[in-house]
Amino acid sequence: MLQDLSLNILDIARNSVAAGASLIEIEIVEDTAQKTLCITVRDNGRGMTRAQLRKADDPLFTTRSSRKTGLGIPLLKAAAVMTGGDFDIRSTPGKGTEVRALFLAGRADMPPLGDVKRSIFALIATGEGLDVVYTRKRDEQLFTLCTRKICNEMGANISPSHPEVLVQVRKCLRDSPFEIVREEEDR
């Protein structure tokens with residue numbers, strides 16, 4: 001696992017960017033009664049073949065040419081399974097990939113969620129033209145940030161990484177009802 005789950009999310013999303021995605025959807029759903037946390041990252045990138053999908057959780061496998069190992073998926077899977085949770089990855093060539101990790105959040109070995117807001121902002125700021133939909137739900141509380149919606153409200157043909165859009169993204173994230181979760185607050 002990376003230092004916290006927000007960094008795993010960012011790593012998986014950057015894999016989506018490397019796979020040519022123009023849209024990434026990130027969803028974090030907490031059920032406090034069931035003590036579960038489900039993270040889903042979905043993209044419209046080039047997807048993976050069946051052979052690639054079978055190797056996706058192997059740390060020595062990557063489809064990226066910029067490095068020789070692919071740790072994001074294996075580390076996220078290990079973190080979810082370590083808590084007694086589950087992991088699933090689905091992909092269709094030419095259509096995209098969906099990574100889903102379910103954590104049993106009540107366990108002592110549950111990793112901290114970390115600063116998801118910072119990871120989401122970094123993804124948007126560095127993903128030229130990348131549309132991001134970030135949804136966070138805890139029980140009945142819901143927050144959604146959609147870069148396409150912000151861009152449409154600001155005018156035609158403005159990029160999600162444009163400085164004016166980033167100001168609005170930062171404001172939306174700051175105003176969300178979900179605070180940064182620090183490791184000591186998780187315990």
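Quick one: is Leu145 in a strand (DSSP E or B) and under 15 Å from the mean Cα position of the chain (by Cα)?
yes
Looking at region 92-142, which of its residues are hydroxyl-bearing (Ser, Thr, Tyr), under 13 Å from Leu173 (Cα atoms) and not in a strand (DSSP E or B)?
The one that is hydroxyl-bearing (Ser, Thr, Tyr), under 13 Å from Leu173 (Cα atoms) and not in a strand (DSSP E or B): Ser119.
For region 91-109, give me each residue that is in contact with a helix residue (DSSP H, G or I) (Cβ under 7 Å, 6 or more places away or on another chain) and surrounded by fewer than 18 Cβ atoms within 10 Å (Cβ to Cβ).
The answer is Asp109, and nothing else.
For region 170-187: of the residues being outside any loop (DSSP other than H, G, I, E, B) and modelled with pLDDT under 50, which is nearest to Gly114 (Cα to Cα)?
Val181
Out of all the residues in region 119-138, which are in contact (Cβ under 8 Å) with a residue 60 or more places away in the chain and under 18 Å from Asn44 (Cα atoms)?
Ile120, Leu123, Gly127, Gly129, Leu130, Asp131, Val132, Val133, Tyr134, Thr135
Here is a list: Ile28, Ile89. Which entry is at pLDDT 90 or above, within 20 Å of Ser119 (Cβ to Cβ) and over 12 Å from the mean Cα position of the chain (by Cα)?
That would be Ile89, the only listed residue that is at pLDDT 90 or above, within 20 Å of Ser119 (Cβ to Cβ) and over 12 Å from the mean Cα position of the chain (by Cα).
Using the structure shown, decide if Thr63 is at pLDDT 85 or above and surrounded by fewer than 20 Cβ atoms within 10 Å (Cβ to Cβ).
No.
If Val167 meets every condition in (1) among the β-branched types (Val, Ile, Thr); (2) over 30 Å from Arg50 (Cβ atoms); (3) touching a residue at least 24 places away in the same chain (Cβ under 8 Å) apart from one, which number is that one?
With (1) among the β-branched types (Val, Ile, Thr); (2) over 30 Å from Arg50 (Cβ atoms); (3) touching a residue at least 24 places away in the same chain (Cβ under 8 Å) applied to Val167, the lone miss is (3).
Just one of Thr144, Thr135 is under 19 Å from Leu7 (Cα atoms), surrounded by fewer than 20 Cβ atoms within 10 Å (Cβ to Cβ) and modelled with pLDDT of 90 or more; which is it?
Thr135
Has region 110-118 got at least one residue that is under 23 Å from Thr147 (Cβ atoms) and surrounded by fewer than 21 Cβ atoms within 10 Å (Cβ to Cβ)?
The answer is yes, given that some residue of region 110-118 is under 23 Å from Thr147 (Cβ atoms) and surrounded by fewer than 21 Cβ atoms within 10 Å (Cβ to Cβ).
Just to verify a result, which residue in region 11-59, among those that are part of a loop (DSSP other than H, G, I, E, B) and touching a residue at least 60 places away in the same chain (Cβ under 8 Å), is nearest to Pro160 (Cα to Cα)?
Ser22
The values are calculated or read from the model by the stated rules, or taken from the named source; none is laboratory data. Predicted model, so just to flag it, every value in this text is computed and none were measured. Methodologically, a virtual Cβ is constructed for each residue, glycine included, from the backbone with ideal geometry; neighbour enumeration extends over all protein chains shown.
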